[in-house]
Amino acid sequence: MISNLAQGVRAFTSNAFHVAGERDVLVDAGANFDVVERVAEAGGIDALVLTHTHRDHVGNLPDVVDAFDVDVWGYDTDQPGVDRAIADEERVQLGDDEYVAYHTPGHKDDHLCFHSPDAGVLFAGDLVFQGGSFGRTDLEEGNHPVLVDSIERMVDVLDDDLEAMHTGHGPSVTDQPYRHVEAALSAARSAGGF
């Protein structure tokens with residue numbers, strides 16, 4: 001079961017997804033709200049997994065680590081708070097399902113997406129969003145051509161079997177999520193003059 005613990009929060013935060021199952025995981029910690037209480041109500045976690053280390057995704061990281069004594073997994077262990085590295089195309093257990101981690105820079109150098117073909121689920125972080133939006137590239141480490149390459153990679157990896165896309169901001173997409181990824185690629189190409 002996947003639930004967004006940041007649902008209804010009126011503060012600057014990313015979404016924070018509790019993935020329950022054999023290995024209870026929090027995907028992104030969010031910021032500026034008490035995620036610890038919400039994680040406890042959801043049954044706790046075995047690990048914190050990051051899509052990337054922008055402040056709105058990791059602001060609650062120290063509180064989560066203190067409360068649950070968990071390792072933090074992300075792409076780059078040189079980033080503050082990241083204990084264990086997840087390599088490109090490494091398989092990781094989130095809840096009851098195995099996901100493949102894809103290094104998808106462009107929004108930030110350490111950005112990862114997580115896809116489970118069996119579950120039909122994508123954790124897209126800030127790569128793409130509902131309605132064909134895509135991650136901003138005007139922040140440090142942002143690179144629009146690299147972002148387009150990363151979205152192209154995910155379009156190639158995914159297909160119409162995708163059932164749910166959970167994004168770093170905004171609502172999750174359960175109605176033809178693959179079409180939203182394709183639309184994001186088209187929009188990103190147009191915005192970059194490709």
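The values are calculated or read from the model by the stated rules, or taken from the named source; none is laboratory data. Owing to the predicted nature of the structure, the values given are computational and were not obtained by experimental measurement. Here the Cβ is made from the backbone with ideal geometry for all residues, glycine too, and neighbour counts use every protein chain on show.
How about segment 13-54: which of its residues are crowded, with 16+ Cβ neighbours inside 10 Å, on the phi < 0 side of the Ramachandran plot and among the small types (Gly, Ala, Ser)?
Correct list: Ser14, Ala16, Ala20, Ala29, Ala31, Ala42, Ala47.
Which of the residues spanning segment 71-89 are closer than 17 Å to His115 by Cβ and either among the hydroxyl-bearing types (Ser, Thr, Tyr) or in contact with a Lys or Arg (Cβ under 7 Å, 6 or more places away or on another chain) (or both)? I'd like the intermediate steps shown before the answer.
Of the residues in segment 71-89, the ones closer than 17 Å to His115 by Cβ are 73-75, 86-89.
Passing the criteria: Trp73, Tyr75.
Do we find that Asp159 is among the acidic types (Asp, Glu) and either exposed (fewer than 14 other Cβ atoms within 10 Å of the Cβ) or in a loop (DSSP other than H, G, I, E, B) (or both) in this structure?
Working: among the acidic types (Asp, Glu): yes; either exposed (fewer than 14 other Cβ atoms within 10 Å of the Cβ) or in a loop (DSSP other than H, G, I, E, B) (or both): yes.
Yes.
Does segment 163-181 contain at least one residue that is polar (S, T, N, Q), in a strand (DSSP E or B) and under 12 Å from the mean Cα position of the chain (by Cα)?
Initial filter on segment 163-181 (polar (S, T, N, Q)): 167, 172, 174, 176.
Restricting the remaining residues to those that are in a strand (DSSP E or B) gives 167.
Next cut, under 12 Å from the mean Cα position of the chain (by Cα) only: 167.
Yes, that holds for at least one residue.
Quick one: is His57 under 12 Å from the mean Cα position of the chain (by Cα), touching a residue at least 12 places away in the same chain (Cβ under 8 Å), more than 19 Å from Ser172 (Cα to Cα) and crowded, with 16+ Cβ neighbours inside 10 Å?
On the way: under 12 Å from the mean Cα position of the chain (by Cα): yes; touching a residue at least 12 places away in the same chain (Cβ under 8 Å): yes; more than 19 Å from Ser172 (Cα to Cα): no; crowded, with 16+ Cβ neighbours inside 10 Å: yes.
Answer is no for this residue.
Based on what the data block shows, is Ala87 surrounded by fewer than 19 Cβ atoms within 10 Å (Cβ to Cβ), of a type in the set (Gly, Ala, Ser) and part of a helix (DSSP H, G or I)? Give the steps one after another, and end with the answer.
On the way: surrounded by fewer than 19 Cβ atoms within 10 Å (Cβ to Cβ): yes; of a type in the set (Gly, Ala, Ser): yes; part of a helix (DSSP H, G or I): no.
No, not satisfied.
Across segment 78-102, what is the number of residues that are on the phi < 0 side of the Ramachandran plot and in contact with a strand residue (DSSP E or B) (Cβ under 6 Å, 6 or more places away or on another chain)? Spell out how you get there, then give the answer.
Pass one, segment 78-102, residues on the phi < 0 side of the Ramachandran plot: 78-80, 82-88, 90-94, 96-102.
From what's left, in contact with a strand residue (DSSP E or B) (Cβ under 6 Å, 6 or more places away or on another chain): 82-84, 86, 88, 90-94, 97-102.
Looking only at that region, the number is 16.
Answer with yes or no whether Asp110 is surrounded by 16 or more Cβ atoms within 10 Å (Cβ to Cβ), charged (D, E, K, R), under 15 Å from Asn15 (Cα atoms) and touching a strand residue (DSSP E or B) at 6+ places or on another chain (Cβ under 9 Å).
Numbers: surrounded by 16 or more Cβ atoms within 10 Å (Cβ to Cβ): yes; charged (D, E, K, R): yes; under 15 Å from Asn15 (Cα atoms): no; touching a strand residue (DSSP E or B) at 6+ places or on another chain (Cβ under 9 Å): yes.
No: the conditions fail for Asp110.
Touching a Leu at 6+ places or on another chain (Cβ under 9 Å) and within 17 Å of Thr13 (Cα to Cα): is that true of Val64 in this structure?
Answer is yes for this residue.
Name the residue, out of Ser190, Ser150, that is assigned to a helix (DSSP H, G or I) and modelled with pLDDT under 95.
Working: Ser150 fails: modelled with pLDDT under 95.
Being assigned to a helix (DSSP H, G or I) and modelled with pLDDT under 95 holds for just one of Ser190, Ser150, which is Ser190.
Among the residues of segment 134-157, are any among the small types (Gly, Ala, Ser), more than 16 Å from the chain's Cα centre (by Cα) and closer than 17 Å to Gly106 by Cα?
At the first step, the residues of segment 134-157 found to be among the small types (Gly, Ala, Ser) are 135, 142, 150.
Those still in the list that are more than 16 Å from the chain's Cα centre (by Cα) too: 142.
Next cut, closer than 17 Å to Gly106 by Cα only: 142.
Scanning segment 134-157, I find at least one residue that is among the small types (Gly, Ala, Ser), more than 16 Å from the chain's Cα centre (by Cα) and closer than 17 Å to Gly106 by Cα, so the answer is yes.
Can you go through Glu98, Glu37 and tell me which one is under 25 Å from Pro117 (Cα atoms) and not hydrophobic (A, V, I, L, M, F, W, C)? Before the answer, list the steps.
Numbers: Glu37 fails: under 25 Å from Pro117 (Cα atoms).
Going through Glu98, Glu37 in turn, just one is under 25 Å from Pro117 (Cα atoms) and not hydrophobic (A, V, I, L, M, F, W, C): Glu98.
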